[in-house]
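The values are calculated or read from the model by the stated rules, or taken from the named source; none is laboratory data. Predicted model only: the values in this text are computed from it and were never measured. Neighbour counts are summed over all protein chains in view; Cβ atoms, including those assigned to glycine, are modelled from backbone coordinates with ideal geometry. What goes into the accessible areas is simple: the full protein's heavy atoms, side chains included, and nothing from ligands, DNA or RNA. Shrake-Rupley method; radii C 1.70, N 1.55, O 1.52, S 1.80 Å.
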Amino acid sequence: MTDRRKARQRIEALRREIGQHDYCYYVLDDPQIPDGEYDRLLRELQALELEFPDLVTADSPTQRVGAAPLLEFAEVRHAVPMLSLDNAFNEAEVRAFDRRVRERLQNMAQIEYVAEPKLDGLAISLLYRQGVLVRGATRGDGTTGEEVTQNVRTLPSIPLRLLGKGYPEILEVRGEVFMPRSGFAALNRRAAQRNEKTFANPRNAAAGSLRQLDPRVTAERPLEFFCYGTGQVRDGELPDRHSAILARFRDWGLRINPEIDSVSGMDGCLEYYRRITAKRATLPYAIDGVVYKVDRLDLQQQLGFVARAPRWAIAHKFPAEEAMTVLKAVEFQVGRTGALTPVARLEPVFVGGATVSNATLHNMDEVERKDVRVGDTVIVRRAGDVIPEVAGVVLAKRPQHAARVRLPHRCPVCGSAVIRPEGEAVARCTGGLFCAAQRKELIRHFSSRRAMDIEGLGEKLVDQLVDAGLVKTPADIFTLTAARLAALEHMGEKSAQKLVMAIERARHTTFQRFLYALGIREVGEATAALLAQYFGTLEALLAADESVLQQAPDVGPVVAAAIAAFFREPHNREVISALREAGVQWPEQAPAGRTGPGALSGMTFVLTGTLTVMSRDEAKRRIQALGGKITGSVSKKTDYLVVGAEPGSKLAEAQQQGVALLDEQAFLKLLQA
């Protein structure tokens, strides 16, 4: 038997040597030995580890494959969110980005950027602890991803242990897993030979390969990796420039795209874009644009983030891929809010890496603007994962029989009337309480806390009830029994009984809540409260035409038209009658009539905190419409401080000065009084 001490020394030497050769091959693209010699070193290491299994470590080159298949992927919450990038599609948008950067940095003359190809792959986070790879995770939604540690370990271009020294105790490396063009072609050839389904494009192939529950399948796929940035870093420091960090990564054995370059100013960025565009077809991998990042980290910190994207980086996308085909028909789909979307049915065409037979036409304004007709030859555009769209018409190929696209007068799902308010692009079904396409969304809204407040009727249960055919309209909610509910999946007798009690409580509500719960377009909580106060009874509201509706406070032509259209639809009235017959009731009240235009004249108001029923801007408009005055600070002249959720320092100031306080309910009552 081999001497154990000598075996350990030889194993460690082989691992170092193999790691160095991996670095030369994958990072430097400069192999130092023939493949046969590399294989001999790996076999020698395997033999020694087989003889001394207790000397096997997780970062050994022999351990890239061998884990058992997973039942499912675990969730990983990113310590630092994996943000997406804003896009620019032309030179003007890129220059606008540079101008915004310089203005935020107090008009710096010229910014140093790092430019790199934007790979069309799958974003990955790699976590190294003391230089050893301990976790791999997908981007997911940017906050939470899936753990794919065993799968990323199979990629030869991802080091299991970092080279050298000086890396932080905890280092999160971010980059892109992709499939080279040659590997993609070979993978599809093998699939075709076995009569298996082929992949549409390298990105889909990479994503599907990395998300295999069996890492042995991933190991067979030709995946590669380039790193482009960092996430969390603890107990250690990195250089103060992005370009220097990437250079340091390269020294540690991490693979960097050789096309990455440092450029000066926007002219340098655009020159880089032109250079990569010219090389795009010859690159061994697919890209869909380039990315520009501010190089200095201190400037990145000053610029910060907006929404889900950094202000210091942007993706300059290549023009979308386009193709021509024939428009066979146009159908209208009804969305969950009742919006009708025209969808083009096309002769199948291969564009943007996928076969497309359907494309969106967005809305009737777009159909009319582009003059799209059935039978036309159209240009179809598809960029990445974006829904394909009809970009235009080839008029020279228009046949004589090409037919204009007509908006249907009736909803294709429920038969209710379709309206398209003047000046609006979107047409809508008016059967909100009845239409199957809108059913789930309406039931969720109807039962929500600020509407009928049916506790326990959550999103998943609504899905079950609708899918099982137990609830078709809101009135059906009040026919549910504990026995029916208990028979549903994940619904015990106790939960069923609680929900029945909540439904029973909801039969007794207020006119305001009931109106809001109906889901009438343009009628939010504030408008529902005004309508309830002004008309007093449901019967009076149902009898009102558009001119009468506009006499109510803050109800203009658009809101009045939406309300009138909703109540004109027989289906909606039938559901409302069914709700009343089911025992839904509220205390009757006398109509208040029109509030005087100067009811708050001479009064001064200050707002603090967040209002839930209306925005602060709307509250200001309402006060000013009634003659009141709005100021930004509390003083002895302030009559009322309107206090919303999470109030600021104005609350303490008002209390010190004895200013009257109004919570949101009291404020609404004052407006309605």
Helical mean residue ellipticity (222 nm; -39500 (n - 2.57) per DSSP H run of 4+; nearest 500) of the chain:
-10500 deg cm²/dmol
Determine the order of 347, 72 by accessible area, beginning with the largest, at a probe radius of 1.4 Å.
72, 347
For the chain, diffusion coefficient by Stokes-Einstein and Kirkwood Rh (Cα), 4 °C, 1.567 mPa s, µm²/s:
42 µm²/s
Which residues' amide hydrogens lie under 5 Å from the amide hydrogen of residue 288, considering only partners 5 or more residues apart or on another chain, with H built in the peptide plane?
118, 120
Summed residue charge, Cβ within 12 Å of residue 334's Cβ, Lys/Arg positive, Asp/Glu negative:
+2
Hey, can you rank 141-152, 47-58 by average C-beta count inside 10 Å, highest first?
141-152, 47-58
Taking the C-alpha atoms of the stretch 205-357, convex hull volume expressed per residue in Å³:
234 Å³
Sorting 213, 199, 287 by the position of each Cα along the dipole of the stretch 199-288 (Lys, Arg +1; Asp, Glu -1; all at Cβ), the one nearest the positive end of that ordering is 199
With a 1.4 angstrom probe the carbon and sulfur portion of accessible area for the chain, in percent, totals 49 percent
Which order do peptides 511-518, 580-587 fall in by mean Cβ count within 10 Å, highest first?
511-518, 580-587
Using alpha carbon centers only, the stretch 154-180 is separated from the stretch 401-431 by a whole-angstrom value of 54 Å
Hey, what did the stretch 596-658 get for relative contact order, percent, Cα under 8 Å, at least 6 apart?
45 percent
Taking a ≥ b ≥ c as the square roots of the eigenvalues of the Cα gyration tensor, with a/c under 1.5 meaning rounded and otherwise prolate when a/b exceeds b/c and oblate if not, the stretch 231-313 is oblate
Over the stretch 355-507, calculate the relative contact order: mean separation of alpha carbon pairs under 8 Å at least 6 apart, over the residue count, as a percent.
14 percent
Restricting attention to the stretch 485-528, which GluC sites (Glu not before Pro) occupy a DSSP loop and are surrounded by at most 12 other Cβ atoms within 10 Å?
489
Among 76, 541, 403, the residue whose Cα sits farthest towards the positive end of the charge dipole of the chain (+1 at Cβ of Lys and Arg, -1 at Cβ of Asp and Glu, taken about the Cα centre) is 403
Cα-Cα longer than 18 Å, checked against 440/472; 328/370; 328/397; 118/197; 197/317, kept in input order, equals 118/197; 197/317
Give the separation of the Cα centroids, the stretch 502-533 to the stretch 335-366, in Å.
36 Å
Using a 4.7 Å cut-off between beta carbons, which cysteines in the chain end up with no partner cysteine at all?
24, 227, 269
Give the accessible surface of the chain per residue, rounded to a whole number of Å², with probe radius 1.4 Å and ligands, DNA and RNA excluded.
50 Å²
Normalised contact order of the chain, rounded percent, pairs of Cα under 8 Å and 6 or more residues apart
9 percent
Taking the alpha-carbon centroid of each part, what is the distance from the stretch 77-145 to the stretch 453-478 in angstrom?
42 Å
